[in-house]
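As structure tokens, the structure follows; a few thoughts come after it.
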Ligand code: UD1
Ligand code: MG
């Protein structure tokens, strides 16, 4: 069945106590809105409509950054969820497919759950996603009769008996688009909030003899974020799921609760990720790599058998080939490190290309930035960069070349050459002792108050 997504994202989120609109707060480093869009994308929608209101420009920018084809519709006044969905009607004029309503503040819904709803739609006019709440709190309650969903009652409007129901409304609804808009047209705002409730369409549909049902999912999927506390709960739920997913895929996590994944982290099987590793967006790690403790990775690709850390930082544009070694206190940015090469200690490698089996000595720095422009460093295969070499880019070091420790390399080094770029050592016999005696004498005078 062709489908259009309608994602509600106009609310201010007063309880977030923030200048940022609620749906742009991040879970696993992506705006909550993007999580909702990603889940919906699994159904291959024909249209994605974002209902924006508060800070609509920022919301639109985030939506289109993820999916250029997303359309943003303004809801200038937030008069309730039914009113919000109604704003999508003009954009879907003449569209005969289904509409799926998602919330921009409900980031954890799984694509499989939406697929289950699509299956249930084959037998019912309207399908609502519900969940058994441990603490139903202020959620809307689903009033069921067997398999049939009779109506949804909002907490504020519910009586004691209805409030005792633990089956709650997630807010996610699926129905044919023309039917949805038709039902919404019949919704009024005579309720405790004086709002147009989307939830009212169920009672209206049942009164017309249409059928409605509920599909259920884990409560953790439907967590709706209204406060910073709930945002941190959503983050915790996301991380719990990501860690369990990694373990299932054959990743070893000796301390899973200390590893933090981003929304799009990919880790291949037989990789080991040690304690306190943090992933930013855009990381892929192939099989059999080892990411050691306290490393931070972002926007990078790590090939098979590479070992990273402890205490390494891989920044965007890092490409580690197979069997590379990146050691402690090493930062790599926008650089390709060729197969078998090593950058083991205390180095910065930025805007660089390193060939295969090269060794980059401790304390090596690519001086890539002149204050205005960034420049490239190229190092060939089997090169040896001595400890504490400064590579002042743009510069290149050829295959099998060497640089002497402590060199400041400002000119290209040809293949096979040894470059020494430091002042020559001179020795003054006995001078150390003399100097020490002088200094001690000076101190003695100062202590006596002579100097
Ligand atoms: C809603 C449901 C409730 C459900 C709960 C799940 C209604 C009437 N109630 O309540 O049954 O249990 O979600 O979390 O639907 N929004 C707009 N425009 C508006 C109003 C809301 O875009 O005019 C957006 C909000 O930004 C938010 C979403 O719709 O993303 C839900 O609105 P919210 O005010 O949080 O609804 P709840 O009171 O939580
Ligand atoms: Mg809410």
Tell me, what is the Rg over Rh of the chain, with Rh the Kirkwood radius over Cα pairs? 1.18
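Considering only DSSP beta bridges where both residues belong to the chain, give the percentage that are antiparallel (nearest 5).
20 percent
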Taking R0 as 22 Å, what FRET efficiency do you get between residue 65 and residue 230 from their Cβ-Cβ distance, rounded to the nearest 0.05? 0.35
Only helices counted: for the chain, with every DSSP H run of 4 or more residues adding -39500 (n - 2.57) and the sum spread over all residues, [θ] at 222 nm is -6500 deg cm²/dmol
What Kirkwood hydrodynamic radius, in Å, does the stretch 156-245 give when the mean of 1/r is taken over all pairs of distinct Cα atoms and then inverted? 15.8 Å
Between Rg and the Kirkwood Rh of the stretch 3-222, both from Cα atoms, what is the Rg to Rh ratio? 0.93
In vacuum, with every alpha carbon of the stretch 279-436 counted as one equal point scatterer, what does the Debye formula give for log10 I(q)/I(0) at q = 0.21 Å⁻¹? Two decimals, please. -1.26
Based on the Cβ-Cβ distance from residue 287 to residue 42, what FRET efficiency comes out when R0 is 22 Å, to the nearest 0.05? 0.30
Quick one: length gained pulling residue 116 to residue 252 fully straight, 0.36 nm per residue minus the C-alpha distance? 45.8 nm
Run the simple label-point estimate for residue 374 and residue 415 please: 7 Å along Cα→C-beta, distance reported in nm. 2.9 nm
Over the stretch 298-352 - Rg/Rh using Cα atoms and the Kirkwood inverse-distance radius: 0.90
Return the equivalent ellipsoid semi-axes of the stretch 96-206 as a descending list in whole Å, where each equals the square root of 5 times an eigenvalue of the C-alpha gyration tensor. 21, 18, 13
If r is the Cβ-Cβ distance from residue 123 to residue 12 and R0 is 41 Å, what FRET efficiency results, to the nearest 0.05? 0.60
In whole percent, what relative contact order does the stretch 228-419 give with Cα contacts below 8 Å and a gap of six or more residues? 9 percent
Taking a point 7 angstrom from the Cα of residue 399 along the C-beta vector, which residues in the stretch 316-356 have backbone N less than 11 Å away? 356
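Please compute the length gained on full extension between residue 322 and residue 278, using 0.36 nm multiplied by the number of residues separating them and subtracting their Cα-Cα distance.
Roughly 13.7 nm would be gained on extension.
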Note down the relative contact order for the stretch 3-222 as a percent, whole number, built from C-alpha pairs under 8 angstrom at least six residues apart. 24 percent
q = 0.23 Å⁻¹, the stretch 376-451: log10 I(q)/I(0) [Debye, one scatterer per Cα]: -0.94
Sequence-separation-based contact order of the chain, relative, with Cα cut under 8 Å and 6+ spacing, percent: 8 percent
Starting from 0.36 nm per residue, how many nanometres of slack lie between residue 145 and residue 186 once their C-alpha separation is accounted for? 12.4 nm
Fewest-first ranking of 311, 196, 369, 103, using other Cβ atoms within 10 Å as the exposure measure: 369, 311, 196, 103
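Here, each number is a calculation from the coordinates, and none is a lab measurement. Just so it is clear, the structure is predicted and the values come from calculations on it, not from any experiment. Heads up, the Cβs are rebuilt from the backbone with ideal geometry, glycines too, and the neighbour counts pull from every protein chain shown.
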